[in-house]
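Here is the structure we will look at, set down as structure tokens.
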Amino acid sequence: MSQASIATPHPVPLRIPLREIAPWAVFAGVLALVVLFFVSTEAGAVELLSTNGLVHEFVHDGRHLLAFPCH
Amino acid sequence: MMRTVLVRGLLAGLIAGALATVFAYVVGEPSVDVAIGLEEAGPGAHEHGHGAEEAVVSRGVQRTVGLLTGVGLYGVAVGGLFAVAFAFVHGRLGALRPRLTAALLAAGAFVVVVLVPFLKYPANPPAVGQPGTIGDRTSLYFGFVALSLALGIVAAVAGRALADRLGAWWGGLLAAGGYVVAAAVAAALLPVVDEVPPEFPGSVLWDFRLASLATQLVLWTSLGLLFGAFAERALRAGDTAPTAPAGLAGQR
């Protein structure tokens with residue numbers, strides 16, 4: 001029986017090697033930050049594109065309801 | 001493997017964003033509409049950029065497609081970051097199943113990234129907040145989010161080390177307590193933002209803030225549970241060949 005109780009515990013969870021994560025982390029991190037900037041801040045505190053507040057107006061309600069400072 | 005995890009994170013984020021949009025539309029939009037009505041009726045209507053002559057985007061678009069775009073993109077971006085965080089954490093904080101890791105990570109991230117910053121700098125409806133201070137308020141908000149996130153990561157790493165000596169319960173408790181104390185001290189030291197006009201109805205403010213927090217809760221809960229289910233399949237499938245002894249795979 002002791003043999004069985006050694007064999008049954010949780011299988012060791014698979015660790016994804018850090019070396020494999022790193023490039024994807026940079027890629028996803030940069031893209032996500034760009035998207036988050038446009039959802040949260042573009043044409044609010046900072047305006048990168050000169051759209052005269054269009055981005056701000058378009059995502060206006062989402063920005064308020066996601067708790068970002070809007071205007 | 002990492003590519004699969006990331007794609008599933010984006011997908012879970014997209015679905016979570018769609019669910020949060022529906023919630024925000026039903027529960028949040030009424031108080032946004034009331035607040036905009038007050039804003040346009042108020043004395044400062046022309047300064048706020050919602051005056052009739054400046055309506056670049058109509059309310060009909062803002063409250064439907066605009067809301068979906070904003071919350072949906074937020075969901076996808078957060079889903080991607082969540083997948084990366086999950087990849088770092090899974091199997092390193094403890095021998096937990098993928099769906100449990102995902103659920104704990106989502107709960108922790110919601111507290112650190114949304115709830116704690118919200119308690120210090122809560123969401124504001126239209127008509128609340130002076131346009132002139134948007135730069136300061138944005139810096140303070142994101143600064144506090146970044147600080148809270150940094151404290152959360154330090155707490156997680158410290159908790160992992162403490163758990164080896166004191167056990168998971170005490171290690172986790174000390175780490176969580178340390179985070180709460182540090183975040184509370186930081187919140188007490190940071191400047192206060194109080195720009196609610198005296199005439200703004202308290203009940204509308206409460207409804208809006210509750211809806212805002214609940215929208216985020218819907219998003220993070222769906223993200224954690226959906227991603228957990230997706231990751232469970234991806235990692236279990238990857239598990240079977242190299243690590244799991246024969247006969248164990250696929251039993252749970």
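Structure data summary
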{"quantity": "Selected residue (criterion: nearest to B:GLY80 (Cα to Cα)) from residues of segment B:9-29 that are within 12 Å of another protein chain (Cβ to nearest Cβ) and surrounded by 24 or more Cβ atoms within 10 Å (Cβ to Cβ)", "calculated": "B:GLY9"}
{"quantity": "Matching residues, segment A:32-63, being more than 7 Å from every other protein chain (Cβ to nearest Cβ), closer than 22 Å to B:LEU10 by Cβ and not polar (S, T, N, Q)", "calculated": "A:LEU33, A:VAL34, A:PHE37, A:PHE38, A:GLU42, A:VAL55"}
{"quantity": "Counted residues, segment B:85-100 - those being in a helix (DSSP H, G or I), surrounded by fewer than 24 Cβ atoms within 10 Å (Cβ to Cβ) and facing another protein chain (nearest Cβ under 7 Å)", "calculated": "1"}
{"quantity": "Which numbered condition B:LEU149 misses (of (1) in a helix (DSSP H, G or I); (2) in contact (Cβ under 8 Å) with a residue 60 or more places away in the chain)", "calculated": "(2)"}
{"quantity": "The lone exception for B:ALA103 - which of (1) out of contact with any Pro (no Cβ under 8 Å at 6 or more places or on another chain); (2) at the interface with chain A (Cβ under 10 Å from one of its Cβ atoms) it fails", "calculated": "(2)"}
{"quantity": "Output for segment B:185-203, where each listed residue is surrounded by 15 or more Cβ atoms within 10 Å (Cβ to Cβ) and modelled with pLDDT of 95 or more", "calculated": "B:ALA186, B:ALA187"}
{"quantity": "Condition met for A:ALA25 (in contact with a Pro (Cβ under 8 Å, 6 or more places away or on another chain), facing another protein chain (nearest Cβ under 7 Å) and surrounded by fewer than 23 Cβ atoms within 10 Å (Cβ to Cβ))", "calculated": "no"}
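The values are calculated or read from the model by the stated rules, or taken from the named source; none is laboratory data. The structure displayed is predicted, hence computed values, not measured ones. Cβ coordinates were reconstructed from backbone atoms using ideal geometry, including for glycine residues, and neighbour counts include every protein chain displayed.
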